[in-house]
Amino acid sequence: MGALGFDEMYGALAARDARFDGQFIAGVRTTGIYCRPSCPAITPKPGNVSFFRTAAAAHEEGLRACKRCQPDAVPGSPDWNLRDDLASRAMRLVQDGVVEREGVEGLARRLGYTSRHLTRVLTAELGAGPLALARAHRAQTARALLASTDLPVGDIAFAAGFGSLRQFNDTIAEVYRATPTELRALTRRGSRGSAPAHPADGGAAITLRLPARAPFDGPGLLAFFADHAILGLEEGDATSFARSLALPHGTAAVRIALDPGQPGVTVEARLADLADVPALSARVRRMFDLDADSVAIDEALGADPVLRPLVTDVPGMRIPGVAAGEEALFRTLVGQQISVAAARTVLGRLVTDLGDGAFPTAAAIAEHGADVLRGPATRVATIVGAARAIVDGGLRLDVETPAAELRQRLLALPGIGPWTADYLALRALGNPDTFLATDLVIRQSAAARGLPDAVRELTARAGAWAPWRSYAALHLWRARPAKVVRQAPARPVRSAATRREAA
């Protein structure tokens, strides 16, 4: 159960500590139910309690979800991003709906293992195999749709990934001891009502509410996305961010705003296919880092006297994620050594020339990038070379890719250096423990606070911030000096990659 032992988890349950909601669940054998740690019910005796990392593991023990605390209606576990082991990478894909689309064999293939080995590992570490984990996730998706939309029950069954209405009804009855109609009424108790869902050409327009753990710096995320919005593809301001998202069954038009009633966001989307609801939910959660454990992060970083005032000024800092790993790579390569405004213009032209209203694919950039991209020949060659590596299968930027593997493969490409590799581990994978010690803004921000600005010394000093060094980097970025002075390199620069990293 991660770093928490039984006594710590029981203490959180006895204290009804909401900070641990979603990080583990408590199963009570005498009642046959499982609860979130903050459940207001009478605390059971220690001998009657078992703790689980996943709802699926509780289902495997024959337990049902508590109707009082609704343990599924909370942010997900931060472990799936904090850890980079096989089980965590598998859970990222399960939440994206890969089992429904590709089956267990497809899940195992994407992770590079046999289905038998994957099932053995997941059962040992999470208490359930991939089929049970996917089934639990389908039930949770259905509960969220019943709570937040007026979609017909049959449409919800399909959107959540169930193969039939009977399978859907049986699962809801087993997990929640209720019919879908009863569960809909239960989940709306004390809520602000549901959002309408209207049929659309080939799909539906829906609204989802996705919770986050408090504190949540949602305004900071919206400001970041607005500042970096690509002309013709994205638009954003202090209240919302809109763009198209490529999902497994087609492109969705999405608008994301902060939820006025609770920490988290509301997502208005017009989908090509209702089956894309799980992927939409998972990808927005990653873009807005909704599952981060902000209390633990702020406590750890705030213990450092240098970072304490930064954490106090911006509690709940989140990693601004990306719509897709490939897109993040090309945005990063295009934007190096030019201003954010210039990068937005260049990327906008790229979308117009090669994307047909969406961000262009790696295949399109590999084939036509040299004809439409402008700038230094070495940079164009780097971008086109990276696109070809993706097309050839030598480079993957998917959520199941381990951060160390991504870094190694990126550094093997001509023109890509450590800064680019680390930045993409942070943004594309959401890795919480990447520190960009070579970044000029971070070094100058660190120096302004009395920290060393030399790369080696700053890297060593940042070791005290593990496993949250990505958030420390974001705090230093946010608190950068009013004017960053670009310094000439101390010695001649010998390659395009070195020049890029120096900038």
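We did not get these values from a lab; they are worked out from the coordinates using the rules stated. The model shown is predicted, which means the values in this text are computed figures rather than measured ones. FYI the Cβ positions are ideal-geometry reconstructions off the backbone, even for glycines, and counts take in every protein chain you see.
Fully extending the segment from LEU231 to GLU61, taken as 0.36 nm per residue of separation minus the present Cα-Cα distance, adds 56.0 nm. Our estimate of slack between GLU367 and ASN48, defined as 0.36 nm per intervening residue step minus the Cα-Cα distance, is 108.6 nm. Over all other residues within a Cβ to Cβ distance under 11 Å of GLY236, the charged ones net out to -2, with Lys and Arg as +1 and Asp and Glu as -1.
If you take the square roots of the eigenvalues of the alpha-carbon gyration tensor of the chain and sort them as a ≥ b ≥ c, do you get rounded (a/c under 1.5), prolate (a/b over b/c) or oblate? Taking the square roots of the gyration eigenvalues as a ≥ b ≥ c, the chain is prolate. All other residues with a Cβ under 14 Å from the Cβ of GLY325 taken together, and with Lys, Arg as +1 and Asp, Glu as -1, what is their net charge? Here the count lands on +4. Taking the number of Cβ atoms within 10 Å of each Cβ as an exposure proxy, the fewest-first ranking of ILE416, ILE442 is ILE442, ILE416.
Remark: the PHE6-ALA412 segment gains 141.7 nm on full extension, using 0.36 nm per residue and subtracting the alpha carbon distance.
If a spin label sat at a point 7 angstrom from the Cα of ASP313 along the line to its beta carbon, the backbone N atoms of the range 446-468 nearer than 16 Å would be those of 446-451. DSSP bridge analysis restricted to the chain gives an antiparallel fraction near 90%, rounded to the nearest 5. Need one word for the range 162-308: rounded, prolate or oblate. Basis is the Cα gyration tensor (sqrt eigenvalues a ≥ b ≥ c); a/c below 1.5 gives rounded, then a/b vs b/c decides. Oblate. Karplus-derived 3J(HN,Hα) values for the range 250-267, using 6.51 cos²θ - 1.76 cosθ + 1.60 with θ = phi - 60°, are x, 8, 10, 8, 10, 10, 10, 10, 6, 6, x, x, 7, x, x, 9, 10, 10 Hz; glycine and proline are entered as x. Working note: Karplus 6.51/-1.76/1.60 with θ = phi - 60° gives the range 356-371 the couplings 6, x, 10, 5, x, 6, 4, 5, 5, 5, 4, 7, 10, x, 5, 7 Hz, where Gly and Pro are set to x. Each residue in TYR10, TYR34, TYR176 was given a count of other beta-carbon atoms within 10 angstrom of its own, and listing them fewest first yields TYR10, TYR176, TYR34.
Taking amide H positions as modeled 1.01 Å from N, with prolines and chain starts lacking one, the residues under 5 Å from ARG64 and 5 or more places away or on another chain are ILE33, TYR34. Remark: spin-label model distance THR378-TYR113 equals 4.2 nm, labels positioned 7 Å along the Cα→Cβ axis.
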